Amino acid sequence: MNRPLPTFRSDDSKDRVMTVFDLPARVRRWTPNLKATFVRAVLAGAVTVEALHESYDITADEFWSWWRHYEARGLRGLTGRSLEAVRFQAMNRGGARG
């Protein structure tokens with residue numbers, strides 16, 4: 001029996017319904033929208049974190065960091081500037097060393 005592919009919504013202004021076949025074959029630059037799309041794809045079961053590692057060289061720690069920041073602040077949480085600010089605040093509180 002053929003099961004339907006898991007679907008998820010894109011995190012751009014088009015709010016498209018997507019499947020794993022809609023993910024890019026290569027990524028040159030990880031934009032906040034693209035990171036959010038991959039987070040949604042994993043959460044929907046369309047792709048696994050292991051598959052992301054194999055196809056895009058993303059570590060599990062990196063992916064789950066994206067997920068935490070996306071859950072906390074949405075797309076703004078996935079900007080490089082936002083991540084640096086979070087790390088800086090943690091270092092000033094003594095919570096992280098870098």
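At-a-glance table
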item: Where a residue in segment 25-36 is in contact (Cβ under 8 Å) with a residue 24 or more places away in the chain and its partner, wherever it lies, is among the acidic types (D, E) and part of a loop (DSSP other than H, G, I, E, B), with Cβ under 8 Å and at least six apart; result: N33/D11; N33/D12; A36/D11
item: Residue among R81, R97, R40, R26 that is surrounded by fewer than 12 Cβ atoms within 10 Å (Cβ to Cβ) and at pLDDT 80 or above; result: R26
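The values are calculated or read from the model by the stated rules, or taken from the named source; none is laboratory data. On a predicted model such as this, the values are computed, not experimentally measured, just so you know. As a convention, Cβ positions derive from the backbone with ideal geometry for all residues, glycine included, and neighbour counts pool all protein chains shown.
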